[in-house]
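Here's the structure we're looking at; comments come further down.
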Amino acid sequence: MKREELKAMGLTDEQVESVMAKNGAEVAALNTQITTLQSEKSQLENDKKVITKEKEDKEKAIADLQKNSISKDEYDKKIKEIEDNAKKENEDYIYNDLLNKGLDDAKVLKDKFTREAVISLINKDKTKISDDKKSLVGLKELIEGYKKEAPHFFEKKKASGYEPVDPDGNKGDEGDNISMATNFAKEANKSESQETKSQFFN
């Protein structure tokens, strides 16, 4: 409901603000629930995919053992390899999901080039999945350092909140900062130009 509609109903400005604040809090809570449910759905879909592949690989190993295509030792080794791969795939999914959530919370720009650049800087040896599997331990400290060294990787904060990210990811601490995509493109063009000149004069 809009402020104008509430005022038309005879509510005072104070009452209108109270209703809007409560409504905003309820919407924020619902959005959080939706995000959580979407995350849980994606996790379940990944679990299903991993379990299905693990089941199929184990059935194949059993069939090979029954046909004497592999020995018992080879079978045992194969089963352990299948289980280790399934565990790693599941852990990789959780790590990447938590990493992206952490970058979202830190207001890292969402364009492809910026995300790839920031992720490439993350030292996996300095981050690990928390015991409750809800965050990456050590990520916050790394991100705080990047905020000081490369502020153009992050959304520009305004008094009213963070600006939405435009398609070019054109945000930074200064208004004239250009997008990461543009930076990468310029560097690529510069390299190609230098290479062309070198070939011409040689």
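The values are calculated or read from the model by the stated rules, or taken from the named source; none is laboratory data. The structure displayed is predicted, hence computed values, not measured ones. Cβ coordinates were reconstructed from backbone atoms using ideal geometry, including for glycine residues, and neighbour counts include every protein chain displayed. For the accessible areas, the whole protein counts, side chains as well, though only heavy atoms, and no ligand, DNA or RNA atoms are used. Shrake-Rupley method; radii C 1.70, N 1.55, O 1.52, S 1.80 Å.
Odds and ends about this structure:
- Test: residue in the range 26-39 that is among the acidic types (Asp, Glu), part of a helix (DSSP H, G or I) and either open to solvent by less than 60 Å² (accessible area, probe 1.4 Å) or touching a helix residue (DSSP H, G or I) at 6+ places or on another chain (Cβ under 9 Å) (or both): no
- Set ASN123, ASN90, ASN96, ASN68: member being in contact with an Asp or Glu (Cβ under 9 Å, 6 or more places away or on another chain) and not hydroxyl-bearing (Ser, Thr, Tyr): ASN90
- Exclusive hit being touching a residue at least 24 places away in the same chain (Cβ under 8 Å) and farther than 29 Å from LEU121 by Cα, set GLU83, GLU59, GLU91: GLU83
- Residue match in the range 126-137 (condition: part of a helix (DSSP H, G or I) and either open to solvent by less than 20 Å² (accessible area, probe 1.4 Å) or at pLDDT below 90 (or both)): no
Here's the yes/no breakdown for (1) surrounded by 13 or more Cβ atoms within 10 Å (Cβ to Cβ); (2) modelled with pLDDT of 95 or more:
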{"position": "LEU44", "(1), (2)": "no, no"}
{"position": "THR52", "(1), (2)": "no, yes"}
{"position": "LYS78", "(1), (2)": "yes, yes"}
{"position": "GLU81", "(1), (2)": "no, yes"}
{"position": "ASN90", "(1), (2)": "yes, no"}
